[in-house]
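To start, the structure itself, in structure tokens.
The values are calculated or read from the model by the stated rules, or taken from the named source; none is laboratory data. These numbers were taken from a predicted model, which means no experiment stands behind them. We place every Cβ from the backbone using ideal geometry, glycine too, and count neighbours over all the protein chains shown. Note: accessible area is taken over every heavy atom of the protein model, side chains too, but ligands, DNA and RNA are not part of it. Shrake-Rupley method; radii C 1.70, N 1.55, O 1.52, S 1.80 Å.
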Amino acid sequence: MAQHEAEARAYTVTGNPSQAASTLDERAANDTIVHQQGSSYVEISGDVNIDKNTVRVTGHSNLPAGARIKGNLAVKNTLLTGYTDEATIQKDGSFVLQVHRPGIQGSMDLTVLFRPDDQDQEIRNLYGNGGNKLEGPYVYQYEENEHLLQEIRIGAEFDPEQDRHVSLIKPVWNKPKDYGSPQVWIKPDVKQKGNYYHVYARSNLLEGSDVKLTIDFPGRWQFGYDDQTKVMPDGSFSMRVKKPSLANRYALVITFEPNEDMWSNAKQAYGTQGEHLAGSLVKSADDKKGSRRIEARVQVQPKS
């Protein structure tokens, strides 16, 4: 099965399906909270309202009263910082975050974050050392001082020029049986939405692995058509890139290149130079002698 799935499938991009049509977006929002406040199984939901100056999140969670959460707003392909807010969970589990909206155009990512290690000791005790008692679909890993810790995260993607209201998205994970295997496979699916290609992919890569998306134009070099992200808890990931306006033949290229900055578990699984990687997607890295990377290519036939 792994060998069969190791080949990236080629897609002709047609239509303009909604995000909900993606097999990686079998998601729901605003679920009723069913676990009591302070439970290790964390639930969180919320609505996002976008206006000219602010992005406002009105949410609810079963995190304990007094827990501190953060909201962060990022604009794709920019280095903007400082667009954040912090809120405290109220006795009824409610919270409100209000982040100043950047005065530039572009698709935006909103992230709501709760880290047990940033809390007072009483709350930290509820969720264990490094958040190791956390449960549920909103649990993500992060690395600090070469130790894997856990946090709660939920988010939404929107275009402020088009969207005025969206919901925070509840993920649905489907971890493959060979998750973390050095014989890496990637199964991408491409949807064209307006002027962007959205790539949704399943893989057996470890959570936190850095993957990149670029467009390869035959016979020429061109900048500005790229994206990058980290792999989700079940090996899935999504990225988006602007559709070229003139070229009529090109490929979307997904790459994963091991390095010294990877999380410690990824170094052990893949090797810092990719020496443990196996399968049909393995390529020799161009700039590092003896190093290897994963490369999956999707040939695209643009809509006329």
Exercise for the section: Would you check if there is a residue in region 178-190 being part of a strand (DSSP E or B), in contact with a Gly (Cβ under 8 Å, 6 or more places away or on another chain) and either among the charged types (D, E, K, R) or open to solvent by less than 40 Å² (accessible area, probe 1.4 Å) (or both)? Expected result: no
Fill in the blank from the handout: Picked from region 280-304 (must be open to solvent by less than 50 Å² (accessible area, probe 1.4 Å) and modelled with pLDDT under 80), the residue nearest to Gly208 (Cα to Cα) is Ala285
Practice task
Could you check how many residues of region 38-91 are touching a residue at least 24 places away in the same chain (Cβ under 8 Å), open to solvent by 60 Å² or more (accessible area, probe 1.4 Å), within 23 Å of His165 (Cα to Cα) and in a strand (DSSP E or B)?
Solution key: 6
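Condition check ((1) open to solvent by 70 Å² or more (accessible area, probe 1.4 Å); (2) at pLDDT below 95; (3) not in a strand (DSSP E or B)) across all residues:
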| residue | (1), (2), (3) |
| --- | --- |
| Gly106 | no, yes, yes |
| Gln141 | no, no, no |
| Leu149 | no, no, no |
| Ile152 | no, no, no |
| Glu161 | yes, yes, yes |
Handout entry: Per-region count, region 257-279, residues out of contact with any Gly (no Cβ under 6 Å at 6 or more places or on another chain), of a type in the set (A, V, I, L, M, F, W, C) and open to solvent by less than 30 Å² (accessible area, probe 1.4 Å)
Key = 3
Problem - Filter pass, Gly208 being in contact (Cβ under 8 Å) with a residue 24 or more places away in the chain, part of a loop (DSSP other than H, G, I, E, B) and touching a Leu at 6+ places or on another chain (Cβ under 7 Å) - result: no
Problem - Residue identified as within 27 Å of Gly155 (Cα to Cα) and modelled with pLDDT under 95 among Asp234, Asp226 - result: Asp226
